[in-house]
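Here the structure is laid out as structure tokens; the discussion comes afterwards.
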Amino acid sequence: MSTRTRTGAGDPLCPCCAFLPDDLFLPPMAVSEAEELSERSPSSRIAQTSASGSTTIETPTPQDALRAIKSDAEARRLVLVDTHTHPQLERNSGDLPAGDDDEKGAAGIIGKPFDDGHEQHGSSRSGSPEMITLVCSVSPDDWQSTLTYASEPSRYETTLPALGVHPWYLYPDLSPSYLSDLEHLLKQHPQAIVGEIGLCKVAKFVRNYPAELGGKQGALELQRTVFRDQFRLASRLRRPVSVHCVQRHGVLIKLFKEIMQEAVKVRKEWRKKQKASALSTESGDRGGDEPRILDAYPTAVAMHSYTGTAHHVKELLEFEERLHQEEGSGVATRHPMFYFGFSHAVNVAMCSSDKSRLQNIEAIRAVPTNRLLAESDVHCTADVEAGTAGAIAYLAAASGHTVLEMADITAKNGIEFLHSVRSQECKV
């Protein structure tokens, strides 16, 4: 990979400025065959799975998946893209708290870190895939450590930071100034993504939220407010977002629809003023460009470790189509708004029932192939490669592709998602 120079000998490396050098390429399959595969309809495979009652698929362990991928990396340059991980926390598997059943971390999910005697994350050694990674913060407490991690010389060219407040960490420590602090950092780092943000019905603080503040409903409303504020900030700064959503999919789609209604109203008012101005004898200000409906949303939305149903996938895709219809954007100019990430850590290791396994498989098959993302969602550097490989293997098994095909597909999709940063301020 090419080496980027610093502005001065003592200047820190900025992950935003150095991310993804110009000579990065993907193998031809990722560009051509992935596009062809994305057009395949998954509906017949969903029906077959449901009719047969099958809830199991052959998925290798993350370590076995990584070994298979490593064997191919010796023959050609292979890129793996992990669009959601937390290695800056550096929690070893044995150190992670088990927590409640509905709020446990990744302890024991990857198992013993994959170790072949070399540093893994950010390495480009022969026989090893090249990793591109989105490192996601969870609260203001780790915003700086996330930026520092992404700036390390061994990985700064292939690691991008995401800054945001996770829905588990809103009470009692969230500062009233968190949003302005977040905006300040995002403007300092114009390629940083917003995340991890979201809605989560099973967050522990929801159960323990003080009655005088509204109890459970007050906690859920706080989540909604903080999510919407961060979502709006990402939209204004033209950044993509990584979204955590657990048992709140109906609330999420309702919120998206509310944002569209507000954006339509803003555009209607703008057009009304323009019409009045045109009828006026004065030749004053025309009021700038017409507000775009799509500018009320982030440039892309990655649904992280997705646990919704195939129906929820369909709802989001239909909503996206409606947005484009309101905007009047042509099909040829469109880029995906909604992407769907899946991880071994959550979608395999934490799915304990046949119903949830089948729901996950059907959801994967409902996602167009050009919107699938692989996520490691691990909490230490040593697990990033294996965690990503495990996610790729799971997606491959659920969708009927080979592991290497899916590695190329998710690499292309992941790079497109990460490159959706527009880094400008929008007035909507």
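For segment 396-416, the set of residues classified as of a type in the set (Gly, Ala, Ser) and farther than 11 Å from Leu373 by Cα consists of Ala396, Ala397, Ala398, Ser399, Gly400, listed by residue number.
Arg238 satisfies every condition listed in (1) open to solvent by less than 10 Å² (accessible area, probe 1.4 Å); (2) within 18 Å of Val301 (Cβ to Cβ) except (1).
Which one is surrounded by the most Cβ atoms within 10 Å (Cβ to Cβ), of the residues in segment 246-276 that are of a type in the set (S, T, N, Q) and more than 22 Å from the chain's Cα centre (by Cα)? Among those that are of a type in the set (S, T, N, Q) and more than 22 Å from the chain's Cα centre (by Cα), it is Gln274.
Pairs are defined by a Cβ separation below 7 Å, a sequence spacing of at least 6 or placement on different chains, a first member in segment 180-202 that is in contact (Cβ under 8 Å) with a residue 24 or more places away in the chain and outside any strand (DSSP E or B), and a second member that is open to solvent by 30 Å² or more (accessible area, probe 1.4 Å) and among the basic types (Lys, Arg); the pairs so defined are Lys201/Arg248.
You will find that of Val206, Val243, the residue that is open to solvent by less than 10 Å² (accessible area, probe 1.4 Å) and within 16 Å of the chain's Cα centre (by Cα) is Val243 and no other. Against the list (1) at pLDDT below 95; (2) at negative phi; (3) open to solvent by 20 Å² or more (accessible area, probe 1.4 Å), the condition Gly328 fails is (2). All of Arg224, Arg236 fail the test of being within 23 Å of His324 (Cβ to Cβ), among the basic types (Lys, Arg) and modelled with pLDDT of 95 or more, apart from Arg236.
The set of residues in segment 376-386 that are of a type outside the set (A, V, I, L, M, F, W, C) and closer than 17 Å to Ala73 by Cα contains only Glu385. Out of the residues in segment 387-414 that are surrounded by fewer than 24 Cβ atoms within 10 Å (Cβ to Cβ) and among the hydroxyl-bearing types (Ser, Thr, Tyr), which is modelled with the highest pLDDT? Checked segment 387-414; the qualifying residue modelled with the highest pLDDT is Ser399.
Would segment 369-386 turn up any residue that is surrounded by fewer than 19 Cβ atoms within 10 Å (Cβ to Cβ) and either out of contact with any strand residue (DSSP E or B) (no Cβ under 6 Å at 6 or more places or on another chain) or not small (Gly, Ala, Ser) (or both)? Looking for residues that are surrounded by fewer than 19 Cβ atoms within 10 Å (Cβ to Cβ) and either out of contact with any strand residue (DSSP E or B) (no Cβ under 6 Å at 6 or more places or on another chain) or not small (Gly, Ala, Ser) (or both), one finds at least one in segment 369-386, hence yes.
The values are calculated or read from the model by the stated rules, or taken from the named source; none is laboratory data. Since this is a predicted model, take the numbers as computed values, not measurements. Glycine gets a Cβ as well: all are built from the backbone with ideal geometry, and neighbour counts include every protein chain shown. Surface areas here come from the heavy atoms of the whole protein model, side chains and all, with no ligands, DNA or RNA. Shrake-Rupley method; radii C 1.70, N 1.55, O 1.52, S 1.80 Å.
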